[in-house]
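Beneath this line is the structure, given in structure tokens, with notes to follow.
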Amino acid sequence: MDVVVRPLAIGRGRLAWRAREVACTLGRGGVRADKCEGDGATPTGRFPVRSFYWRPDRQKAPPPSRLPGEALTPDHGWCDAPGDAAYNRPVRLPYAASHERLWRDDALYDVIVVLGHNDDPVVPFAGSAIFMHLMRDDGGPTDGCIGLARADLLALLAELRPGSTIVIG
């Protein structure tokens with residue numbers, strides 16, 4: 001199954017799959033083919049959907065999906081240090097190199113779908129931690145990911161399966 005993301009303006013877009021189309025938020029740096037670490041841009045291209053994470057303290061059972069899933073714990077992180085061997089890979093905290101904490105105080109990462117951007121092979125500085133996650137309460141842009149309303153993300157996750165792709169741009 002292909003999921004298509006169509007940018008509308010910086011930080012805003014539409015996401016479509018099957019016969020459904022919903023609003024989404026995109027990167028504060030726009031949508032770019034030349035994605036770089038820290039630019040806040042959502043990358044263009046076709047990316048496989050890899051897996052998902054969820055917060056078991058906020059949603060006891062895993063969301064229905066055919067993708068492999070894992071419950072988040074407070075020690076889950078994602079390396080964003082381009083010079084580190086674990087760049088653009090999940091890590092366990094504490095971790096010495098720069099990383100993003102996946103267990104957040106806000107709800108953005110209560111459900112995370114991992115996209116296969118810059119992971120096969122990993123290229124230093126080409127961007128890390130490109131996810132689909134929950135939209136900010138104020139509808140503001142992401143740091144380069146795709147944000148969706150909770151109901152929309154859960155509906156999409158229920159239909160994703162290994163082999164599904166996200167087409168951005």
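The numbers here are math on the coordinates, done by the rules we state, and not lab data. What you are looking at is a predicted structure, and each value in this text was computed from that prediction instead of being measured. Glycine gets a Cβ as well: all are built from the backbone with ideal geometry, and neighbour counts include every protein chain shown.
Points worth noting:
- Cβ-Cβ FRET estimate between residue 161 and residue 58, R0 fixed at 25 Å, reported to 0.05: 0.55
- In the stretch 1-81, the trypsin sites (Lys or Arg not before Pro) that fall in loop regions by DSSP, at most 14 other Cβ within 10 Å: 18, 58, 60, 66
- Length-normalised contact order for the chain - Cα pairs under 8 Å, 6+ apart - percent: 32
- Normalised by the number of residues in the stretch 1-87, the mean separation of alpha-carbon contacts (under 8 Å, six or more apart) gives a relative contact order of 15 percent.
- Net charge, residue 51 excluded, C-beta distance under 13 Å - Lys, Arg +1, Asp, Glu -1: +2
- The chain: most fluctuating residue of 45, 127, 144 per GNM, C-alpha cutoff 10 Å: 45
- Derived scalar couplings ³J(HN,Hα) [the stretch 14-24; Karplus, 6.51 cos²θ - 1.76 cosθ + 1.60; whole Hz; x for Gly, Pro]: 10, 10, 10, 8, 6, 9, 10, 9, 9, 6, 9
- Long-range amide H partners of residue 91 with built H, under 5 Å: 77, 78, 79
- Taking each residue as 0.36 nm, the span from residue 98 to residue 120 lengthens on full extension beyond its C-alpha to C-alpha distance by 5.8 nm.
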